[in-house]
Amino acid sequence: MNEERKNELKAAIEAILFVSGEAVPTTKLANTLSISSIELDELIVSLQEDLQKESSGLALIKIAGGYRLCTKAKLAPYLQKFTQIVDKKLSQPLLETLSIVAFKQPVTKQEIEEIRGVNSDKILRRLVERDLIQEIGRKKVIGRPILYGTTNLFLQCFGLNDLKDLPELPSTSYAEREKIYQESNLFSNMEIEDKEKESTEE
């Protein structure tokens, strides 16, 4: 691949990711450009190096099994001032339930409630509405309860490329691990606004 063709494809990748606004799967990116996955990887590395060298406010990251353009973390203060964003976090019940689903998936509502000790219908509905968790099947037991797991949006929100990137829980007893789930602050940096007031159900 000559230099002119290489620069053209890098510009195309940058343009595609810019208009997409979200992670684009590697296979889709390669097919769009009519190149192999190996060629795509080489172009991505080169484009990442270009963005690092230049005085660019953008960075190219691998996330949720694809690639995405995002702003550099060091520029967050300027962006927050410009958009007048007030960071708000998910409520503790939502974080607690999301933590359980993330680490124990696939998991049923009953299993979640056994850990939390309270009814979790409303919490699960909110997480599904926010597209952070989803129904991924049915457990093969009497009643065939719904199994929940996290979504691609979950990976993108927390900057994860794969569920394997989740931090490992310490090797503790079962009871201690359950306590960790309940008190988990692993996702406390999530910038998603919880506009609804928590009810006594939570």
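When the scattering of the range 3-75 is computed by the Debye formula from its Cα atoms alone, each counted once and equally, what is log10 I(q)/I(0) at q = 0.24 Å⁻¹?
Calculated log10 I(q)/I(0) at the listed q: -1.17.
Using only the alpha carbons of the range 1-41, determine the length spanned along each of the three principal axes and report them from longest to shortest in whole angstroms.
So the extents along the principal axes, rounded to whole Å, are 29, 17, 13.
For the range 2-153, what is the Kirkwood estimate of the hydrodynamic radius, computed as the reciprocal of the mean inverse distance between distinct Cα atoms, to one decimal in Å?
By the Kirkwood definition, the hydrodynamic radius is 18.6 Å.
As a footprinting exposure proxy, order 99, 46 by other Cβ within 10 Å, with the fewest listed first.
Ascending Cβ contact count within 10 Å gives the list 46, 99.
Whose amide H sits under 5 Å from the amide H of residue 147, counting only residues 5 or more places off or on another chain, with H placed in the peptide plane?
When sequence neighbours closer than 5 places are left aside, the close amide H contacts are 136, 137, 138, 139.
In the range 104-124, which residues have a backbone nitrogen under 13 Å from the label point lying 7 Å from residue 135's Cα in the Cα-to-Cβ direction?
Once the point is set 7 Å along Cα→Cβ of residue 135, 109 turn out to lie under 13 Å by backbone N, inside the range 104-124.
A short reminder: the numbers here are calculations on the coordinates, not readings from a lab. Bear in mind the structure is a predicted one, so any value in this text is a computation, not a measurement. Counting neighbours? That spans all protein chains shown, and the Cβs are built from the backbone with ideal geometry, glycine included.
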